[in-house]
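Notes to accompany the following structure.
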Amino acid sequence: MLFVLLWSTGFIGAKFGLPDAEPLTFLTLRYIAVLLLMGVVAWLTGAPWPRTPVEWLHIGVSGLLVHAVYLGGVFTAISHGLPAGIAALVVGIQPVLTALGAGVFLNERVRPTQWAGLALGFAGVGLVVAHKVAASASGGALFAMLLPALIALLGITAGTLYQKRFCHAFDLRTGSVIQFLPCLAVTALVASQTETMQINWSGNFMFALGWLVLVLSLGAVSLLNVLIRRGSAVNVASLFYLTPPTTAVIAWALFGETLTGLALVGMCLSVFGVWLARK
């Protein structure tokens with residue numbers, strides 16, 4: 001539940017910070033800060049590093065998929081005008097894709113009750129963001145905004161499956177450094193070629209950067225790594241259904257965004273679906 005709460009604030013952080021920096025520039029700064037902090041923590045605490053190059057490779061690839069591809073896609077989609085609710089809905093397909101992939105790549109058996117829970121959870125997410133979908137752009141403009149979100153969906157799905165299969169155990173401190181190093185290299189390279197990399201160091205931007213570094217990249221990501229290590233891929237992925245309802249409640253509390261009756265029904269449906277999938 002703590003993971004769900006922290007992960008849900010990521011969309012709020014993007015809402016605060018993206019007006020003052022382009023998406024990949026924002027993420028480049030985030031990765032630099034995370035690497036500095038976790039590098040110091042790993043050094044001071046004497047955290048163990050992986051022993052073989054293969055372990056380094058697997059942890060790095062999982063980081064690229066879960067962080068660089070996922071976050072890059074979500075931040076780019078929102079910066080291009082896609083409402084956060086629709087971005088959450090697109091990424092909300094992840095548990096279903098993960099369930100399909102778990103059977104193929106991890107030999108996990110997905111029970112009928114889990115499929116029912118996944119279906120109910122997705123229906124609930126759809127009800128939560130239905131009014132935002134109806135008010136969004138249409139046609140080609142919407143597809144152009146959706147494309148980065150679809151790439152993010154594939155990244156987080158592939159990353160969850162890959163980490164579950166190949167990264168059986170690694171230290172959270174040194175593992176974070178190894179995961180974010182390739183993220184920084186790739187994101188900074190793409191940002192330098194596609195963005196101006198100009199930043200307006202406003203109070204909102206500083207708050208958003210600090211929040212996303214300390215709460216998301218250090219707190220929520222560490223919890224995600226623990227969850228992937230301890231539970232099945234389907235169980236972990238089903239938790240992402242709780243992100244849009246939680247984000248909607250936070251947006252209502254902070255920004256006064258309205259919650260429709262359908263949204264409230266959808267929240268209850270999502271919670272029940274996740275309970276059924278993890279039962």
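Quick one: order H168, H80 by neighbouring beta-carbon count within 10 Å, fewest to most.
Details: H168 10, H80 15.
With the fewest neighbours first, H168, H80 line up as H168, H80.
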Taking the range 111-245 and dividing mean pair separation by its residue count, relative contact order in percent (alpha carbons under 8 Å, at least six apart): 56
Cα-projected label distance for V265 with T196, points at 7 Å along beta-carbon direction, nm: 4.6
Percent RCO, i.e. relative contact order, over the chain, from Cα pairs under 8 Å lying at least 6 residues apart: 41
Alpha-carbon centroids, the range 232-272 and the range 80-110: separation in whole Å: 15
Backbone HN-Hα couplings from phi across the range 237-249 [Karplus 6.51/-1.76/1.60, Hz, Gly and Pro as x]: 4, 4, 5, 5, 5, 7, 5, x, x, 5, 4, 4, 5
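Given the DSSP H assignment, sum -39500 (n - 2.57) over each helix run of at least 4 residues in the chain and divide by its residue total; what's the result at 222 nm in deg cm²/dmol, nearest 500?
-24500 deg cm²/dmol
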Calculated FRET value between I93 and M206, using beta carbons and R₀ = 45 Å, to 0.05: 0.85
Separation in nanometres of the label points that stand 7 Å from Cα toward Cβ, at H168 and T52: 1.0
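Mean shadow of the range 8-137, computed from the convex hull of its alpha carbons, in nm²?
Projected area, direction-averaged: 10.9 nm².
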Among G13, L150, A185 the positive-end extreme of the charge dipole of the chain (Cβ point charges): L150
Geometric extent, Cα atoms of the chain - Rg, Dmax (angstrom): 18.1, 54
Karplus 3J(HN,Hα) series, Hz, for the range 150-158 with 6.51 cos²θ - 1.76 cosθ + 1.60 (x for Gly, Pro): 5, 5, 4, 4, 5, x, 5, 5, 5
Computed Rg/Rh of the range 144-271, alpha carbon atoms with Kirkwood Rh: 0.99
Footprinting exposure proxy for M145, M1 (fewest neighbouring C-beta atoms within 10 Å first): M1, M145
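I need to check one value: relative contact order of the range 209-279, counting alpha carbon pairs closer than 8 Å and at least 6 residues apart, in percent.
With pairs under 8 Å counted, the relative contact order is 34 percent.
Here, each number is a calculation from the coordinates, and none is a lab measurement. The model shown is predicted, which means the values in this text are computed figures rather than measured ones. For neighbour counting, all protein chains shown are included, and Cβ atoms are generated from backbone atoms with ideal geometry for every residue, glycine included.
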